[in-house]
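Just below is one structure, and these are the notes that go with it.
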Amino acid sequence: MTLFGIVLLIVLHEFGHFAVAKMVGMRVERFSLFFPPTIFRVRRGETEYAIGLIPAGGYVKITGMNPEELKGLEPAIAMASGLPGAGAVGTDERDSEETGMLDPEIVRRAYYNQAPWKRVAVILAGPGVNILIAFLLFWAVLFTGSLNGAAALGNLDPSVQTLVPTTAVHSIEPGKPADGVLKPGDRIVAVDGKPATEETAVERIASHRCAGAPTDGCRSSTPVSLTVRRAGREVTLSVYPRYSAKERRMLVGFEFAPPSVKGFGVLGAAGAAVNEMWHVTTQTLTGFGRALTSSKARSQVSSIVGITQDAHETVVAGTGYALVFLGFLSLILAVINLFPFLPLDGGHVLWSVAEKLRGRRISLVAMYRYSSVGIVLLLFLVVNGVSNDISRLAG
């Protein structure tokens, strides 16, 4: 189930590339669910739709993604552009095969023969789908009020308050001072005459002292005054707390109810989701920086093995946690893919923009020479993550 969710994110990422490539008129040769060997294929028009045997994501093949594919095709490019001296070139794929050249129309629609803005749109569509998935999952968790999902989002970014603490009494410990005094459902309004929150109530109860040196079970020399709202009216109660050696503080023996989910409207949930996404993005970027410079940070890096293990734990924790984790992974997938190194999506965007600014093409050698540094750093982190997971599993 966990791997299925991760694979689905990758497939939807590739579908984003596929859909926009079709929209802007590029020639899509293949869209494959999973990787070869191919076990099923069907052709619809110029595109082959396939299913592979290895469930590790998917891929989309667009003609001319690698400019090396177009080498030696200048006559076809010239004819596709209507330039003189192009020579006679076949007008269908069969004639093209006989002449050893691609159909000029195919060449014209190749990725690297498109305007830079079209290339950027096709490339950004993949990460864009992942960003949209993350937003929708975070928004749904906040809008529907999923308790464990809201808690997970609160853990991602403590500055976004997703849970509202309560001073309602949830349960009473039998035989403890609160037994017979407090009742489940009571809401503590004040402690010792001062307005109470969950935190201040605990602090004020703990501030009481035994007559002598604290020993386990010793009774406070003064009672705690508890003002509670019960059945629509306020009642003031007195209870003598007792010292717990285990907790190392005075207790009266009750538990607060779990926090409630903060109510979010449609727009409120959208705003909170965007804040969560921004926090995750900035933490991811700073985390990668720390991982490259700090051995302590590198020890926390995980590979797909560790990620899968974490994902399994979130599924066990509840649907809300699982949805938040899936949204988190989707956003991380988008952020990493936007790093400006080939063959990542960000590398394609960078060179398309550079070509537009320069006014002419940039050689593939120059692109990969620049990208090699970033790719080596990413591979270093991947190997480090695998090593960390092996060590954790061995331990």
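The values are calculated or read from the model by the stated rules, or taken from the named source; none is laboratory data. On a predicted model such as this, the values are computed, not experimentally measured, just so you know. Methodologically, a virtual Cβ is constructed for each residue, glycine included, from the backbone with ideal geometry; neighbour enumeration extends over all protein chains shown. For the accessible areas, the whole protein counts, side chains as well, though only heavy atoms, and no ligand, DNA or RNA atoms are used. Shrake-Rupley method; radii C 1.70, N 1.55, O 1.52, S 1.80 Å.
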Residues being outside any loop (DSSP other than H, G, I, E, B) and either of a type in the set (Asp, Glu) or in contact with a helix residue (DSSP H, G or I) (Cβ under 8 Å, 6 or more places away or on another chain) (or both) - total across the range 348-373: 10
Test for Pro184: is it assigned to a loop (DSSP other than H, G, I, E, B) and over 15 Å from Ala257 (Cα atoms): no
Within the range 286-296, can one find any residue that is open to solvent by less than 50 Å² (accessible area, probe 1.4 Å), more than 22 Å from the chain's Cα centre (by Cα) and more than 30 Å from Ser207 (Cα to Cα)? yes
Restricting attention to the range 188-239, the residues that are assigned to a strand (DSSP E or B) and open to solvent by 50 Å² or more (accessible area, probe 1.4 Å) number exactly 9
Among (1) open to solvent by less than 70 Å² (accessible area, probe 1.4 Å); (2) modelled with pLDDT of 90 or more, the one test that Arg242 misses: (1)
Residues of the range 107-147 that turn out to be among the aromatic types (Phe, Trp, Tyr) and either crowded, with 23+ Cβ neighbours inside 10 Å or closer than 20 Å to Gly25 by Cβ (or both), as a count: 4
Do you know which residues across the range 13-48 are exposed (fewer than 15 other Cβ atoms within 10 Å of the Cβ) and within 26 Å of Ile131 (Cβ to Cβ)? Met23, Gly25
Tell me whether the range 2-11 contains one or more residues that are part of a helix (DSSP H, G or I), of a type in the set (S, T, N, Q) and over 26 Å from Ala115 (Cα atoms). yes
Within the range 255-339, considering only helices (runs of 4 or more DSSP H) that don't extend past its boundaries, which have at least 2 residues that are modelled with pLDDT of 70 or more and either closer than 13 Å to Phe135 by Cα or not hydroxyl-bearing (Ser, Thr, Tyr) (or both)? 266-293, 319-337
Out of the range 345-364, which residues are open to solvent by 90 Å² or more (accessible area, probe 1.4 Å) and among the hydrophobic types (A, V, I, L, M, F, W, C)? Leu357
So in the range 314-331, with the set limited to residues that are open to solvent by 30 Å² or more (accessible area, probe 1.4 Å) and either among the basic types (Lys, Arg) or touching a helix residue (DSSP H, G or I) at 6+ places or on another chain (Cβ under 8 Å) (or both), which one is farthest from Trp117 (Cα to Cα)? Ala317
Candidate set from the range 167-181 (those that are more than 17 Å from Pro258 (Cα to Cα) and of a type in the set (A, V, I, L, M)); member that is surrounded by the fewest Cβ atoms within 10 Å (Cβ to Cβ): Val181
